[in-house]
Structure formats: structure tokens, C-alpha cells
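Peer 1: One structure, as C-alpha cells, below. Some questions next.
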Amino acid sequence: MGKHLVEAQTLLNEKKYQQSKEKLQLAEAMPEKSPYENYLITLLSLNVAVNEDDAPTSAKLMDAMLNLNESGKWASKTDIIAMMQIVGVVQYRAKNYAQAALWMERNLKEGGTNSSVKNVRIHANLLANDFQRATELAEEEIALSQKESRAPAQPYLEILAQARGQVKDVAGSTRAVELLVTHYPKKEFWQSLVNRLWARPDLNTALHLDVFRLGFQVGALQETSDFIEYIEFAQRAGFSTEAIHAYDKGAEAGLLGTGDQADAHKKLRAKLAAETEQDKKTSAADIANALKKPNGIAMLNLGYGLVNQGQFDKGIELMEKGIAKGLPKRPEDARLHLGIAYALAGQPDKAKQIFATVSGKEGLDELARYWTLAIRKP
């Protein structure tokens, strides 16, 4: 018996797994084995199975080893925890995700503390389509990190967003993406958040230009069509300078002024430049007329146009006077635009103060909150 086991261990160490199994089969065939000998045979067989990535056999042998160990306590708790993790990893590699989640769960219940086990457990539940369990586990880890005043781990937030999305919990999924943007403001997370704004069925059409503005600020405009639409919205609203800024950024990214549409794009740029020059020429007269209006709409829009031209103080002053004069429709939108103006003027603290006063439905709350996130210092 001893000879077979020693040879099996040696062959295992040499990665000669088939030969090691043959020696273990010889040991298994011997009569009148002691409980300890049965334990050793099972333990060595388990080691062979995990080294061969034999998921079904490794799980079966792990259970057998645990049962045998009950009588003699030959394996320490530390060893058991380590082997459970290994078996879980084997299951995961074999894409037996439900089994992987089970073994990682058993590892943690046994006293395991390895953070990678928690990661695999959550991922395994997600891949096993147990979205509810994946959500629960991710939320537990996120709550713990918040309690300890540290950023939640990015993978947990991504899993939470994906799992909530799978069960059609749009609000929960969006909240997870908001946390991703808060703690890990990467372009792809911002793109996801901006796309979620566009996907809102209740998004007011009056805010479409503002969604483009946010997307532009955070680098979420990635396609030629994104820039063209933004330019068209800004141009229709009378903000030719803003439209030029969008065009130039798109051209810098290689999305405008090239390819089959190069000539059309360049004509658009020339038209915008002409409109901007005309706006500058008539600016004084336009402002004088706006001051005579019964409400502040014209003052607000002209002020925002000045901000886009780089005349920040003059533009913001005119916007504030327009708001004070009164706006017959959507006054909260004006507060949002004032906050954006302060942000463009390089006054983030003042912008945040303004955004904090903005409240409204149909996407307005989110725009104010997301702008606050967008202008945070790294």
C-alpha cells in the first residue's frame, strides 16, 4: 500500500497524471484498507483530478475526502479551505458556473477570506444566470465598502449593473452605472450613462440639446452621427459658436471633414462660421432688444451664446438677469443652463451650487446630477 501511494505522489509531482492514477487504482484494489489509507487515496486522487481540470471527478472526490476526514481530522481547516477554492476554480474553468458558485460559497462558510473567492463567486452566479443572487452578493460588497468609506470595487459595480439589467431593473442598473461613473469615471461608463438618458421614454424633447452637451463634456460622443446631430441641435437653437466647438472636436477626432462627406462637412463648418460672425456683429443690438422684452428668454439665450464665445462674465451676468426677469416656460432648464455656463467658465464650485438647486422630472434631475459628476476634479 505504502509503495503504491509513494509512487503515485512522485508521479503526481512529475505531472504524470495517468500513471499516478494507475498506481492509485492499484492501491484502491488492495483489501482491508484503513480509514487513513482510504483518505490518502482519495486525497491523492483529488489532486490528480484538479491538476487535470476534471471538474466532475474533483467535486465528487472533494466530497468523499471531506466525509473521510470527519473520522480522523487529518486535513486541517486551512487545507480544506484551500482545496475548496481549487475545486471551485476547476468548476469555473469548466464553465460549471453553478457548481463554481457553490464551492466558493462553501469555502467562505468554512472560513475562507480570500477576496478572489468572493469575486469568482459573484461572477459565477452571474454566469449561471442567477441574477438575483449575483445582485445580492454585489450589493453586500458595495454596502461594506461604503460603510468603510472606500470606493466599491469596479467589478462588483459592473456585475450589479449587468445583473440588474438582466432582470429589467432599469433604475437599479442605472444606479450601478452612476456609481461606476462616480468612482471610476471612464469614458465607456459615461457613454453607458448618457445612452441610458437617451433611452428614457419620458425624456423631454426640450432637454435633447442638453443631453448632447453632457455627452460632449464627458467624451461620450463617438460617432460621426453624434457630432452631426449635436451640431444641428445647437444650430437650430441659435448657438452657432457652440456648434462650431462641436464640429472642431469631431474633426479633431477624425470624424468630420474626411471621407465621402468631407466637402459637405466643410461647407457646414463655413456656414457655422458665417453665422457666428453675424451673431457677433449684431450682438449689441440683440442684447438691447432682449432687455426690452417682457420676459428673460432672449437674455438667457444671448447670454449663453456669449459664454460659448468666451465672454464668460458678460454672458453669465446676462443669463442671471434673464432668469431674474422671469421665464414663462421651463424655468428649471434655465438654472441647468446657468450651471453649465459656470462650468464652461471654469467655476466648478459655483456650477455645483447652481446644479444643486435644479430639480425636475423627465431627465432634468439626472442632467443636473451628472453635470455635477462631470466637473469634479480628478
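Peer 1: Go through the residues of the range 18-36 one by one and say whether even a single one is within 28 Å of ALA128 (Cβ to Cβ), surrounded by 18 or more Cβ atoms within 10 Å (Cβ to Cβ) and not small (Gly, Ala, Ser).
Peer 2: For the range 18-36, residues within 28 Å of ALA128 (Cβ to Cβ), surrounded by 18 or more Cβ atoms within 10 Å (Cβ to Cβ) and not small (Gly, Ala, Ser): absent.
Peer 1: Here are some conditions: (1) among the acidic types (Asp, Glu); (2) on the phi > 0 side of the Ramachandran plot; (3) without any contact (Cβ under 8 Å) to a residue 24 or more places away in the chain. GLU320 meets all but one. Which one does it not meet?
Peer 2: With respect to (1) among the acidic types (Asp, Glu); (2) on the phi > 0 side of the Ramachandran plot; (3) without any contact (Cβ under 8 Å) to a residue 24 or more places away in the chain, GLU320 is out only on (2).
Peer 1: Can you name the condition, by its number, that GLN222 falls short on among (1) without any contact (Cβ under 8 Å) to a residue 40 or more places away in the chain; (2) more than 28 Å from THR282 (Cα to Cα); (3) surrounded by 17 or more Cβ atoms within 10 Å (Cβ to Cβ)?
Peer 2: (3)
Peer 1: Select from the range 195-206 the residues that are in contact (Cβ under 8 Å) with a residue 60 or more places away in the chain and out of contact with any Lys or Arg (no Cβ under 9 Å at 6 or more places or on another chain) and write down the one among them that is nearest to SER359 (Cα to Cα).
Peer 2: The selected residue is LEU203.
Peer 1: Report, by residue number, each residue of the range 286-315 that is of a type in the set (Lys, Arg) and either surrounded by 24 or more Cβ atoms within 10 Å (Cβ to Cβ) or assigned to a loop (DSSP other than H, G, I, E, B) (or both).
Peer 2: Matches in the range 286-315: LYS293 only.
Peer 1: Right, something else. For the range 270-287, what are the residues that are touching a residue at least 40 places away in the same chain (Cβ under 8 Å) and closer than 13 Å to TYR247 by Cα?
Peer 2: Hit for the range 270-287 is LEU272, nothing else.
Peer 1: Could you look through the range 246-260, keep only residues that are of a type outside the set (A, V, I, L, M) and under 27 Å from ASP279 (Cα atoms), and pick out the one that is surrounded by the most Cβ atoms within 10 Å (Cβ to Cβ)?
Peer 2: TYR247
Peer 1: Within the range 188-195, is even one residue within 16 Å of the chain's Cα centre (by Cα), aliphatic (A, V, I, L, M) and modelled with pLDDT of 95 or more?
Peer 2: Scanning the range 188-195, I find at least one residue that is within 16 Å of the chain's Cα centre (by Cα), aliphatic (A, V, I, L, M) and modelled with pLDDT of 95 or more, so the answer is yes.
Peer 1: Taking ALA128 and the conditions (1) under 24 Å from ASP54 (Cα atoms); (2) buried (at least 19 other Cβ atoms within 10 Å of the Cβ); (3) touching a Phe, Trp or Tyr at 6+ places or on another chain (Cβ under 9 Å), which numbered condition does it fall short on, given that it satisfies the others?
Peer 2: (2)
Peer 1: Give the range 353-373 a look and list any residue that's over 23 Å from ALA176 (Cβ atoms) and assigned to a helix (DSSP H, G or I), or say none.
Peer 2: Matches in the range 353-373: GLN353, ILE354.
Peer 1: Is there a residue in the range 72-81 that is in contact (Cβ under 8 Å) with a residue 40 or more places away in the chain and in a helix (DSSP H, G or I)?
Peer 2: Within the range 72-81 (the criterion being in contact (Cβ under 8 Å) with a residue 40 or more places away in the chain and in a helix (DSSP H, G or I)), the answer is no, since none of the residues qualifies.
Peer 1: Next question, about the same structure. Among the residues of the range 103-140, write down those that are among the small types (Gly, Ala, Ser) and in a helix (DSSP H, G or I).
Peer 2: Within the range 103-140, SER115, SER116, ALA124, ALA134, ALA138 qualify.
Peer 1: If you check ALA143, ALA243, which single one turns out to be part of a helix (DSSP H, G or I) and surrounded by fewer than 18 Cβ atoms within 10 Å (Cβ to Cβ)?
Peer 2: None of the other options fit; the residue is ALA143.
Peer 1: Mind counting the residues in the range 49-104 that are touching a Ser or Thr at 6+ places or on another chain (Cβ under 7 Å) and surrounded by fewer than 18 Cβ atoms within 10 Å (Cβ to Cβ)?
Peer 2: Residues meeting the conditions: 1.
Peer 1: OK, next. Would you confirm whether any residue within the range 202-211 is surrounded by fewer than 18 Cβ atoms within 10 Å (Cβ to Cβ), touching a helix residue (DSSP H, G or I) at 6+ places or on another chain (Cβ under 7 Å) and within 30 Å of LEU144 (Cα to Cα)?
Peer 2: The answer is no; no qualifying residue exists.
Peer 1: If you don't mind, there's one more thing I want to ask. Kindly list, by first and then second residue, each pair from a residue in the range 336-365 that is touching a residue at least 24 places away in the same chain (Cβ under 8 Å) to a residue that is among the polar types (S, T, N, Q) and crowded, with 21+ Cβ neighbours inside 10 Å, limited to pairs with Cβ atoms under 9 Å and residues at least 6 apart or on different chains.
Peer 2: ALA341/ASN308; LEU344/ASN308
The values are calculated or read from the model by the stated rules, or taken from the named source; none is laboratory data. Remember, it's a predicted structure, so these values are computed and weren't measured experimentally. Glycine also receives a Cβ, built like all others from the backbone with ideal geometry; neighbour counts cover every protein chain displayed.
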